[in-house]
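See structure below.
Every number in this text was worked out from the coordinates using simple rules, so none of it is lab data. Treat the numbers as computed from the prediction; the structure is a model and nothing was measured. So basically every Cβ, Gly included, is an ideal-geometry build from the backbone, and we count neighbours across all protein chains shown.
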């Protein structure tokens with residue numbers, strides 16, 4: 001790799017080959033990362049989700065568990081990601097009835113030498129794609145297979161804190 005800017009990337013060595021970053025010299029600190037996004041749905045789908053009336057169960061509860069599992073499995077899903085001892089995963093939902101929208105925030109914490117940004121993003125990633133628990137509501141209850149039923153958006157509230 002001859003591009004000097006590319007060598008500045010932390011996951012490539014001087015020869016341009018991918019490698020896992022060595023974090024051994026870093027101090028162990030309390031690290032916190034948050035990622036947020038939202039999913040908008042038709043009012044009928046939102047009513048089922050918000051009311052806990054979906055035939056397949058508690059959609060919000062299932063989504064929370066999926067996000068936690070996503071954070072825990074990040075090192076298996078993201079190449080070159082360090083396996084981390086996650087100390088906490090919190091997943092919060094804010095229901096906006098007027099907009100038929102669910103805001104999702106995942107917060108991940110660790111005591112470690114590297115951050116948990118990817119873990120927060122993986123948690124959020126399992127909440128937002130069409131395969132997420134929300135998509136399981138529209139087919140059995142509504143008989144609706146249109147792609148316009150669910151729209152996903154990422155919000156700019158992402159960050160890491162070292163404490």
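In nm, to one decimal, how far is the modelled label at residue 95 from the one at residue 77, with both set 7 Å along Cα→Cβ?
Taking the simple label geometry, residue 95 and residue 77 are separated by 2.5 nm.
Starting from the 7 Å offset along Cα-to-Cβ, what nm value, one decimal, do you get for the label separation of residue 88 and residue 12?
Between residue 88 and residue 12, the label points sit 3.8 nm apart.
So for segment 31-114, averaging the separation of alpha carbon pairs under 8 Å that are six or more residues apart and normalising by length, what relative contact order in percent results?
Normalised by residue count, the contact order of segment 31-114 is 44 percent.
Taking the Cβ of each residue in 86, 39 as the centre, tally the other Cβ atoms inside 10 Å and list the residues starting with the fewest.
86, 39
As a footprinting exposure proxy, order 27, 96 by other Cβ within 10 Å, with the fewest listed first.
27, 96
Full-extension gain between residue 56 and residue 24, please, as 0.36 nm times their residue separation minus the C-alpha to C-alpha distance.
Value of the extension gain: 7.0 nm.
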